[in-house]
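My questions all concern the structure below.
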Amino acid sequence: MQIATELSDQIARYLDLATAEAKLTAANMANVDTPGYRAVGMDFEAEMREALDDVARGHGPRKVRVIEVDGLIARPDGNDVSVDRESLNLAEAQLQFRTGVALLREEYQRVMDAIHADK
């Protein structure tokens, strides 16, 4: 039996987006020495707004829109990945993920408390 609430679905989408952000950051870091590679990312807030709308409409998850990051300084080989920037992005994605897990744990505890309220 699967128990889900609208909030748990919203938090699940949040976790999916945090994971996608970490994967994009990992891809950037993996290509730090690839000539001509341009850093990619996503607009987390815009993606989250759309994910919340999708949950409200009962739609399933959609693919994250990946965008090239503007305004980065490119090295002579054309690569614009900054390990410092990517490290900060990864730390942020990890924090977002941990926050999402904590929120999901609280939501499931609330549901379990409601189920066991009769006892």
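The values are calculated or read from the model by the stated rules, or taken from the named source; none is laboratory data. This structure is a prediction, so every number in the text was calculated from the model and none was measured. Positions of Cβ are generated from backbone atoms using ideal geometry, with glycine treated the same way; all protein chains shown enter the neighbour counts.
Return the total of residues in the stretch 7-45 being within 30 Å of Gln109 (Cβ to Cβ) and of a type in the set (Gly, Ala, Ser).
Summing the residues that are within 30 Å of Gln109 (Cβ to Cβ) and of a type in the set (Gly, Ala, Ser) in the stretch 7-45 gives 5.
Still on this model: Among the helices (runs of 4 or more DSSP H) contained in the chain, which hold 2 or more residues that are in contact with a strand residue (DSSP E or B) (Cβ under 9 Å, 6 or more places away or on another chain) and either at negative phi or hydroxyl-bearing (Ser, Thr, Tyr) (or both)?
Fully inside the chain and qualifying: 6-30.
OK, next. May I ask you to say which residue of Ile73, Ile67 is within 21 Å of Asn31 (Cβ to Cβ), under 15 Å from the mean Cα position of the chain (by Cα) and of a type in the set (Val, Ile, Thr)?
Ile67
Separate question: Specify which of the listed residues (Ala56, Ala39, Ala26, Ala30) is small (Gly, Ala, Ser), modelled with pLDDT of 95 or more and within 30 Å of Leu7 (Cα to Cα).
That would be Ala26, the only listed residue that is small (Gly, Ala, Ser), modelled with pLDDT of 95 or more and within 30 Å of Leu7 (Cα to Cα).
What are the pairs with Cβ atoms under 9 angstrom where one residue, in the stretch 104-116, is over 12 Å from Ala4 (Cα atoms) and the other, located anywhere, is exposed (fewer than 11 other Cβ atoms within 10 Å of the Cβ)? Sequence gap at least six, or different chains.
Short answer, once both residue conditions are applied: Ile115/Ile3.
Within the stretch 15-32, how many residues are closer than 14 Å to Arg98 by Cα, buried (at least 22 other Cβ atoms within 10 Å of the Cβ) and not hydrophobic (A, V, I, L, M, F, W, C)?
Looking only at that region, the number is 1.
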